[in-house]
1. Name every residue in the range 283-295 that is open to solvent by 30 Å² or more (accessible area, probe 1.4 Å) and without any contact (Cβ under 8 Å) to a residue 24 or more places away in the chain, in order of residue number.
2. Among the residues of the range 242-266, what is the count of those that are part of a helix (DSSP H, G or I) and crowded, with 19+ Cβ neighbours inside 10 Å?
3. Regarding the range 24-37, can at least one residue be identified that is at pLDDT 95 or above and part of a strand (DSSP E or B)?
4. Right, Ala194: in contact with a Ser or Thr (Cβ under 6 Å, 6 or more places away or on another chain), at pLDDT 95 or above, buried (at least 19 other Cβ atoms within 10 Å of the Cβ) and assigned to a loop (DSSP other than H, G, I, E, B) or not?
5. Out of Arg320, Arg271, I need the residue that is out of contact with any Asp or Glu (no Cβ under 7 Å at 6 or more places or on another chain) and open to solvent by 100 Å² or more (accessible area, probe 1.4 Å). Which one?
6. With (1) of a type outside the set (Ser, Thr, Tyr); (2) under 23 Å from His124 (Cβ atoms); (3) open to solvent by 20 Å² or more (accessible area, probe 1.4 Å); (4) outside any loop (DSSP other than H, G, I, E, B) as the list, and Phe65 as the residue in question, which single condition is left unmet?
7. Filtering the range 218-241 down to residues that are hydroxyl-bearing (Ser, Thr, Tyr), open to solvent by less than 10 Å² (accessible area, probe 1.4 Å) and within 23 Å of Gln39 (Cα to Cα), which residue is nearest to the chain's Cα centre (by Cα)?
8. When you check Asn14 against the structure, is it of a type in the set (S, T, N, Q), in a loop (DSSP other than H, G, I, E, B) and open to solvent by 10 Å² or more (accessible area, probe 1.4 Å), yes or no?
Amino acid sequence: MLLEVCGHELRVSNPGKVFFPQRRLTKMDLVNYYLECEQAVVLQLRERPTVMKRWVDGVQGKPFFQKRVPDGRPEWLQTATVTFPSGRNARELVPNDAAHLVWAVNLGVIDWNPWPVRRTDLDHPDELRVDLDPTPEASFAIVREVALGVREVLDEHGLRGFPKTSGSRGIHVYVRVKPEHGFQEVRRAALALAREVERRMPGKASSKWWKEEREGVFIDYNQNARDRTVASAYSVRAVPDARVSCPLEWDEVADVEPGDLHIHTVPVRLRERGDPSAEIDDRPARLEPLLELAARDEREGLGDAPWPPHFRKQKGEPRRVQPSRARR
């Protein structure tokens, strides 16, 4: 099937291929969703290097990550070259309009995983990401409660959070910030935020990296490290019921049911209610209040926390060993 999108002719191969068997949704259904929601989707992706997670056989197949755009790409395709913690680099997709969305969906991309930087400044994030990841025992009611606790801490430090469902079991809160600090400092601010929420919500919120130490909802500060990505707003997720990572108003958080927000309902919601995250770029904040909180923690003896395993050992980082093993 040939489509004319943003002045480009694009081929959608096997448009009737079923990507979501539970809802009988095809590749073309996914294309149509992203065409209908283009403005809201691209708002979150514009100028951001983006990893392609390809589900060529739909959600019942096995995905693979493709960080480098393939050879033979169209001349009009926009890209950016990013550098990973290993020192290697890759030219990644920058999905700046609907044509880029359709091109990638045709390759099997279901959701979008952008970096928190713009390609004009690849070393200074303009987005702090709060990823609320519940333990297996935690209910979604606890996730909602912790999200509201995150809002309270952000508000007290002069930062505006934009919540969204993760499209799975969690909630994300994004904070637009001025691109003044590197990845390490943004992660440091996120760690301070996580620890403050944990102090206020013991047993419900956790900043502990090791799973055996977590209680309730883990606030994954490491999602702010270089080369870590999170599914963006309005991404369809690769789950059987085609849920969407959907932005919310704060007064919706206490009662939201993630299963209600999926590929059929979100376009209707956008048309009728607009985009709750439409103003995310309007008022970027400064990270200094959270960095001051981090400095206070450090003065009181709270140093760095563990990094993801593929990062080099960091100065001040504790031992990378599970606490139960360290005691043996």
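1. First, the residues of the range 283-295 that are open to solvent by 30 Å² or more (accessible area, probe 1.4 Å): 283-284, 286, 288-289, 292.
Once the filter is applied, which keeps residues that are open to solvent by 30 Å² or more (accessible area, probe 1.4 Å) and without any contact (Cβ under 8 Å) to a residue 24 or more places away in the chain, the range 283-295 yields Glu288, Glu292.
2. The qualifying residues number 3.
3. Step one: filter the range 24-37 for residues at pLDDT 95 or above, giving 24-37.
Going one step further and asking which of them are part of a strand (DSSP E or B), we end up with 25-26.
Among the residues of the range 24-37, at least one is at pLDDT 95 or above and part of a strand (DSSP E or B), which makes the answer yes.
4. Values: in contact with a Ser or Thr (Cβ under 6 Å, 6 or more places away or on another chain): yes; at pLDDT 95 or above: yes; buried (at least 19 other Cβ atoms within 10 Å of the Cβ): yes; assigned to a loop (DSSP other than H, G, I, E, B): no.
Judged against the criteria, Ala194 is not a match.
5. Details: Arg320 fails: open to solvent by 100 Å² or more (accessible area, probe 1.4 Å).
Residue meeting the stated conditions: Arg271.
6. If we test Phe65 against (1) of a type outside the set (Ser, Thr, Tyr); (2) under 23 Å from His124 (Cβ atoms); (3) open to solvent by 20 Å² or more (accessible area, probe 1.4 Å); (4) outside any loop (DSSP other than H, G, I, E, B), just (2) comes out false.
7. My answer is Ser232.
8. Judged against the criteria, Asn14 is a match.
The values are calculated or read from the model by the stated rules, or taken from the named source; none is laboratory data. Nothing here was measured: the structure is a model prediction, and the numbers come from that model. Please note: Cβ atoms are built from the backbone with ideal geometry, for glycine as well, and neighbour counts cover all protein chains shown. Quick note on the areas: whole protein, heavy atoms, side chains included, nothing else; ligands and nucleic acids left out. Shrake-Rupley method; radii C 1.70, N 1.55, O 1.52, S 1.80 Å.
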